[in-house]
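Colleague: Here it is, the structure in full.
The values are calculated or read from the model by the stated rules, or taken from the named source; none is laboratory data. All values reported here derive from a predicted model rather than from experimental measurement. Don't worry about glycine lacking a Cβ; one is built from the backbone with ideal geometry, like all the others, and counts go over all protein chains shown.
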């Protein structure tokens, strides 16, 4: 019997939980910081509205139409065609992301544990650069925390859609919203925080001439929303006909984007108020911010809450990514959900070991001159996810008949149906194609 969501609220919170994760806090903060703040935000929001939202609607519609896993959703409408294999791109992307995402989630958990016990703050004398470098250069600790995060995600997924995924998101997402709002209010009350707000909301339009800005903004839109990872297709497969897709998709996209913006308000005002560097890159959350916390009023409490937020947000996204692979395995083997979950989690741990050891034991191993984790992240964000999104847009926009696509998306008779369909057919594919060619260095 096919599993279904127990309620629309549960589905919405679980889907927002799938989208909200490290991409909204850790990745959004440093990508925005490296790309000029407000001008990046403008381009990012443009991509979210014109590409992200139409694709989220398309993925949910495709999933509900197939009423199965991400691979079967394509195969159901493309038997005998090469299109039947297109779902594998999103599944591979989900597995690739989770292989290193669990490692970074483990870093967040390590910091939370250190903040909770006080061990993190005792490292202040040596500087957090040395602390972070020493931690990720280790062999046992990074893999230990990676394994713990995978085990937590596996426990939830093994409990099922309604009893595990929906249940945990019903209480964890309101908690995360309260935490991120509290952190933002605290940061905005700091003297000098206005510079951080200006950085995030006052654009320097001259930066629009930098091609890398568009590549990074589209990559962040895909990564943050979870588009192209087969998550929405999978979650759509558990969706009943009584739940309207356009409204649900809009709620998820707005919720995810709002979370990223509020997280930015929790980070950038504090960074500017206390003399940090907003362009500190991936180390912003793990080196720059902890150092800033030491000079912040109630900084140790704020730090503990911040790393709890980072760890919990990472967990909700890990759950959704793990569900993608588990759903495919259960459908093809007939195994029980707990057995399939255990096997997938163990395989992901092994796949993630190179990323966990890439700054230590395997430091000399690089791809395109980058550490393994960074190289995989670049490959997935800039190639696999856009390619998966391109396939979804072309499949729903062209492979399905217009009437079928519009009906599946609950847009029959809607005035926005033609705009949605042509964004899928022309707007999204052309934009993604240009970015993909740029990523490949072809112009």
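Colleague: Starting from residues that are touching a helix residue (DSSP H, G or I) at 6+ places or on another chain (Cβ under 8 Å) and free of Cβ contacts under 8 Å to residues at least 60 places away in the same chain, keep the ones in segment 292-329 and report whichever is farthest from residue 115 (Cα to Cα).
Modeller: Here the answer is 329.
Colleague: Right, here's the next one. Does segment 369-389 hold any residues that are surrounded by fewer than 18 Cβ atoms within 10 Å (Cβ to Cβ) and closer than 24 Å to residue 132 by Cα, and which are they?
Modeller: If the condition is that a residue be surrounded by fewer than 18 Cβ atoms within 10 Å (Cβ to Cβ) and closer than 24 Å to residue 132 by Cα, then 369, 370, 378 are the ones that fit.
Colleague: Across segment 17-40, what is the total count of residues that are surrounded by 24 or more Cβ atoms within 10 Å (Cβ to Cβ), assigned to a helix (DSSP H, G or I) and at pLDDT 85 or above?
Modeller: Selection size over segment 17-40: 4.
Colleague: Shifting gears a bit: Does segment 230-245 hold any residues that are in a helix (DSSP H, G or I) and more than 14 Å from the chain's Cα centre (by Cα), and which are they?
Modeller: 233, 234, 235, 236, 245
Colleague: Under 7 Å between Cβ atoms, which residue pairs at least 6 apart in sequence (or on different chains) link something in segment 391-420 that is touching a residue at least 12 places away in the same chain (Cβ under 8 Å) and on the phi > 0 side of the Ramachandran plot with a partner that is surrounded by fewer than 16 Cβ atoms within 10 Å (Cβ to Cβ) and not in a helix (DSSP H, G or I)?
Modeller: Going by the 7 Å Cβ cut-off, the qualifying pairs are 410/244.
Colleague: Hey, among 329, 315, which residue is over 16 Å from residue 200 (Cα atoms) and more than 20 Å from the chain's Cα centre (by Cα)?
Modeller: Testing whether each residue is over 16 Å from residue 200 (Cα atoms) and more than 20 Å from the chain's Cα centre (by Cα) leaves just 329.
Colleague: Please go through segment 197-229 and pick out each residue that is part of a loop (DSSP other than H, G, I, E, B) and either farther than 16 Å from residue 21 by Cα or free of Cβ contacts under 8 Å to residues at least 24 places away in the same chain (or both).
Modeller: Selection gives 202, 203, 204, 210.
Colleague: Something else: With respect to residue 353, is the statement that it is surrounded by fewer than 24 Cβ atoms within 10 Å (Cβ to Cβ), in contact with a helix residue (DSSP H, G or I) (Cβ under 8 Å, 6 or more places away or on another chain) and closer than 16 Å to residue 266 by Cβ true?
Modeller: Answer is no for this residue.
Colleague: Going through segment 390-419 one residue at a time, which ones are crowded, with 19+ Cβ neighbours inside 10 Å and either under 27 Å from residue 92 (Cα atoms) or in contact with a strand residue (DSSP E or B) (Cβ under 7 Å, 6 or more places away or on another chain) (or both)?
Modeller: 390, 391, 392, 393, 395, 396, 397, 400, 405, 408, 409
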